[in-house]
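Since the structure comes first, as structure tokens, the remarks are kept for the end.
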Amino acid sequence: MPSNEQRRAAAKRKLERQLARRAERARRRKQLTIAGSVLGVVIAVAAGVSIYYLTRGDDHAANSADSSATTSADASLSDTPKAAPPPAAKPKAATVSCAYRDGGQAAKPVQKPDKTQVSTSGTHKVTIDSTQGPIGITLNAAESPCTVNSFVNLADQHFYDNTPCHRLSTQGLQMLQCGDPTGTGQGGPGYEYNNEYPTDQYAKEDPAAQNPVLYKRGVVAMANAGPDRTTGEGTNGSQFFLMFGDSQLPPQYTIFGTIDQAGLATLDKVAKAGDDHSMDSSAGGGKPNLPITFTSVTAS
């Protein structure tokens, strides 16, 4: 039979084990709390400033990189946007000069725009027939004339016809990315050009140029690969975002049009089906579970 001293020693060891387990559980809870806080910061950054470097629908091989464009937060960050819309566009001259530089291999045979002196007045209507429904877009030449000129140039050459939309994001960044005939996220028109509105509202050295702003539901914005590594200039080509939900991004993605109600209904249908989570990056997203292809894109 164990003595009283042995029983007291055994009880003491048992109590020490219990206290150690409690301390370990408390330590783990504290670690999880800290980790959760850090994750929240990472997600917030991914949806804001740092997503600038994640949103890489590359249009030429020189800037080939990950093409993810959304954060994998459990709840959509765009449900409660903290950023304000970008500032109103400053008036431009009646005619502006647009520069279109060679950049990479074209995904389909296409020419750069012949017209480089572009009017900032008037609007263009774009009609997109897709496998999931119609999408109408009004292009805004007053804000982004060179982008509008390029888009119309590509549409007139049927560059966008029979082109799949290769990326869907439904959390944080709420958009459908289209404009690459290869469907890989790496294809472009073989030329590139600079950002316009809202990037041109900021000086290049202005820290506010990297702060997130609100890209509202219904806007159309250009995807890009970030500044060119050698020239520092913009890398817009053919890929673009169709925004079906308010989203936060740095003002480095040219806004050049708005989507009509029929188009938003089409986008909502595709978004509701979700994506396949195939993007191999911390930002998440993937191919739409409900595939969508532009059968024809016409501008008038």
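Data overview
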item: Members of the range 223-233 that are closer than 21 Å to PRO181 by Cα and either free of Cβ contacts under 8 Å to residues at least 40 places away in the same chain or out of contact with any Asp or Glu (no Cβ under 6 Å at 6 or more places or on another chain) (or both); result: ALA223, ASN224, GLY226
item: Criterion: at pLDDT 95 or above and within 16 Å of ALA225 (Cβ to Cβ) - qualifying residue of TYR160, TYR197, TYR193; result: TYR193
item: Residue list for the range 249-264, restricted to those being crowded, with 20+ Cβ neighbours inside 10 Å, in contact with a strand residue (DSSP E or B) (Cβ under 6 Å, 6 or more places away or on another chain) and either of a type in the set (Gly, Ala, Ser) or over 19 Å from ALA141 (Cα atoms) (or both); result: LEU249, GLY257, GLY263
item: Qualifying positions in the range 111-147 - part of a loop (DSSP other than H, G, I, E, B) and of a type in the set (D, E, K, R); result: LYS112, ASP114, LYS115, GLU143
item: Among (1) on the phi < 0 side of the Ramachandran plot; (2) polar (S, T, N, Q); (3) touching a strand residue (DSSP E or B) at 6+ places or on another chain (Cβ under 8 Å), the one test that ASN162 misses; result: (1)
item: Among (1) in contact with an Asp or Glu (Cβ under 9 Å, 6 or more places away or on another chain); (2) of a type outside the set (Ser, Thr, Tyr); (3) touching a residue at least 60 places away in the same chain (Cβ under 8 Å), the one test that ALA262 misses; result: (1)
item: Qualifying residue in the range 62-82 (condition: under 26 Å from VAL152 (Cβ atoms), in a loop (DSSP other than H, G, I, E, B) and modelled with pLDDT under 80); result: yes
item: Qualifying residues in the range 182-225 (those that are within 15 Å of the chain's Cα centre (by Cα) and charged (D, E, K, R)) - the one nearest to LEU242 (Cα to Cα); result: ARG217
item: First in the range 86-110 and more than 23 Å from LEU154 (Cβ to Cβ) and assigned to a strand (DSSP E or B), second anywhere and of a type in the set (Ser, Thr, Tyr) and at pLDDT 95 or above, Cβ under 7 Å, 6 or more apart; result: none
item: Identity of the residue in the range 223-254, outside any loop (DSSP other than H, G, I, E, B), at pLDDT 95 or above and aliphatic (A, V, I, L, M), that ends up farthest from ALA107 (Cα to Cα); result: MET243
item: Answer from ASP280, ASP268 - the residue that is at pLDDT below 95 and either among the aromatic types (Phe, Trp, Tyr) or surrounded by fewer than 18 Cβ atoms within 10 Å (Cβ to Cβ) (or both); result: ASP280
item: Candidates VAL152, VAL220 - the one that is assigned to a helix (DSSP H, G or I) and in contact (Cβ under 8 Å) with a residue 60 or more places away in the chain; result: VAL152
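The values are calculated or read from the model by the stated rules, or taken from the named source; none is laboratory data. A quick note: this is a predicted structure, and the numbers were derived from the prediction, not measured. All Cβ positions, even for glycine, are placed from backbone atoms using ideal geometry, and neighbour counts span all protein chains on display.
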